[in-house]
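This report concerns only the one structure given below.
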Amino acid sequence: DVKVTQSSRYLVKRTGEKVFLECVQDMDHENMFWYRQDPGLGLRLIYFSYDVKMKEKGDIPEGYSVSREKKERFSLILESASTNQTSMYLCASSLQGWEQYFGPGTRLTVT
Amino acid sequence: AQSVTQLDSQVPVFEEAPVELRCNYSSSVSVYLFWYVQYPNQGLQLLLKYLSGSTLVKGINGFEAEFNKSQTSFHLRKPSVHISDTAEYFCAVIVSSNTGKLIFGQGTTLQVKP
């Protein structure tokens, strides 16, 4: 079975802090994705990566950056956390063109 | 441009009753469609997918969906629901078959009552 793990299930940070969310997949997938999920808005794509060191902006990249130094690991970085970034963050991975497999999510609260 | 609309934000239903969750899409590329389920405090899990072939797709947990090209719909159905089916359901369409990038609908909360 494909396994996608995220570094934390729950995280509380203060406004202005730098926040790292880590995602690791164990199935050698080329593609990895970061989403945020908010009530009534569904899932919105922040960034995705289709290869090591390659990344593309999604629909809502402002305030976020990403890093993919190794194929199995995709990190989401909040350079200076703000309260409007309080959300559920979901990581996913996929083989080229196939379904995405999701991690359990990280619920981030910024106070 | 691709888009997905889930027509109901909440669907309450009694246990053992049938249910249909509606999804309409628009796509200018090859149509690959997915339904995902999210149980409370968990990530998304794939229920079923349509890539090609038979328009009636069977998934896990007794769910099925029918791809209707003329109506641009991909509705999810189950003939008899259980309390354990209470969850949020997301319909998604692929934007790029190269990158696997998806667009998701807003989600439908299925509330199964005893």
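The values are calculated or read from the model by the stated rules, or taken from the named source; none is laboratory data. Since the structure is predicted, the reported quantities are computational estimates derived from the model, not experimental observations. Methodologically, a virtual Cβ is constructed for each residue, glycine included, from the backbone with ideal geometry; neighbour enumeration extends over all protein chains shown.
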Task: Count of residues meeting criterion [in contact (Cβ under 8 Å) with a residue 60 or more places away in the chain, assigned to a strand (DSSP E or B) and surrounded by fewer than 21 Cβ atoms within 10 Å (Cβ to Cβ)] in the stretch A:22-45 - done: 0
- [ ] Report, by residue number, each residue of the stretch B:25-42 that is surrounded by fewer than 20 Cβ atoms within 10 Å (Cβ to Cβ) and not hydroxyl-bearing (S, T, Y).
- [x] B:V29, B:V31, B:P40, B:N41, B:Q42
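Considering only residues that are surrounded by 19 or more Cβ atoms within 10 Å (Cβ to Cβ) and at the interface with chain A (Cβ under 8 Å from one of its Cβ atoms), look in the stretch B:43-56 and name the one that is nearest to B:A1 (Cα to Cα).
Per the stated criteria, the residue is B:L44.
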Open item on the list: Restricting to the stretch A:83-111, give me the number of residues that are out of contact with any helix residue (DSSP H, G or I) (no Cβ under 9 Å at 6 or more places or on another chain), more than 8 Å from every other protein chain (Cβ to nearest Cβ) and in a loop (DSSP other than H, G, I, E, B).
Closed with: 1
Task: Search result, residues across the stretch A:6-34 that are within 11 Å of chain B (Cβ to nearest Cβ) and more than 21 Å from A:K70 (Cβ to Cβ) - done: A:R9, A:Y10
Open item on the list: Can you list residue pairs whose Cβ atoms sit under 7 Å apart, with the first residue in the stretch A:1-18 being outside any loop (DSSP other than H, G, I, E, B) and modelled with pLDDT of 90 or more and the second being polar (S, T, N, Q) and loosely packed, with under 13 Cβ neighbours inside 10 Å? Count only pairs 6 or more apart in sequence or on different chains.
Closed with: A:V12/A:T111
Task: Residue list for the stretch A:61-77, restricted to those being touching a residue at least 40 places away in the same chain (Cβ under 8 Å) and either farther than 21 Å from A:V4 by Cβ or not in a strand (DSSP E or B) (or both) - done: A:K71, A:E72
Open item on the list: Pairs please, first residue from the stretch B:22-33 and away from chain A (no Cβ under 13 Å), second anywhere and surrounded by 20 or more Cβ atoms within 10 Å (Cβ to Cβ), Cβ atoms under 6 Å, 6+ apart in sequence or on different chains.
Closed with: B:Y25/B:V4; B:Y25/B:V93; B:S27/B:V93
Open item on the list: Tell me whether the stretch A:52-60 contains one or more residues that are within 9 Å of another protein chain (Cβ to nearest Cβ), in a loop (DSSP other than H, G, I, E, B), out of contact with any Leu (no Cβ under 9 Å at 6 or more places or on another chain) and more than 17 Å from A:Y35 (Cα to Cα).
Closed with: no
Open item on the list: Out of the strands (runs of 3 or more DSSP E) lying entirely within the stretch B:57-114, which hold 3 or more residues that are in contact (Cβ under 8 Å) with a residue 60 or more places away in the chain, within 14 Å of another protein chain (Cβ to nearest Cβ) and within 29 Å of A:I46 (Cα to Cα)?
Closed with: B:87-96, B:101-104
- [ ] Name, by its number, the condition in (1) touching an Asp or Glu at 6+ places or on another chain (Cβ under 9 Å); (2) within 14 Å of chain B (Cβ to nearest Cβ); (3) not in a strand (DSSP E or B) that does not hold for A:S80.
- [x] (2)
Open item on the list: Regarding the stretch A:30-45, can at least one residue be identified that is hydroxyl-bearing (S, T, Y) and over 30 Å from B:S9 (Cα atoms)?
Closed with: no
Task: When residues of the stretch A:54-99 are limited to those that are aromatic (F, W, Y) and modelled with pLDDT of 95 or more, the one surrounded by the most Cβ atoms within 10 Å (Cβ to Cβ) - done: A:F74
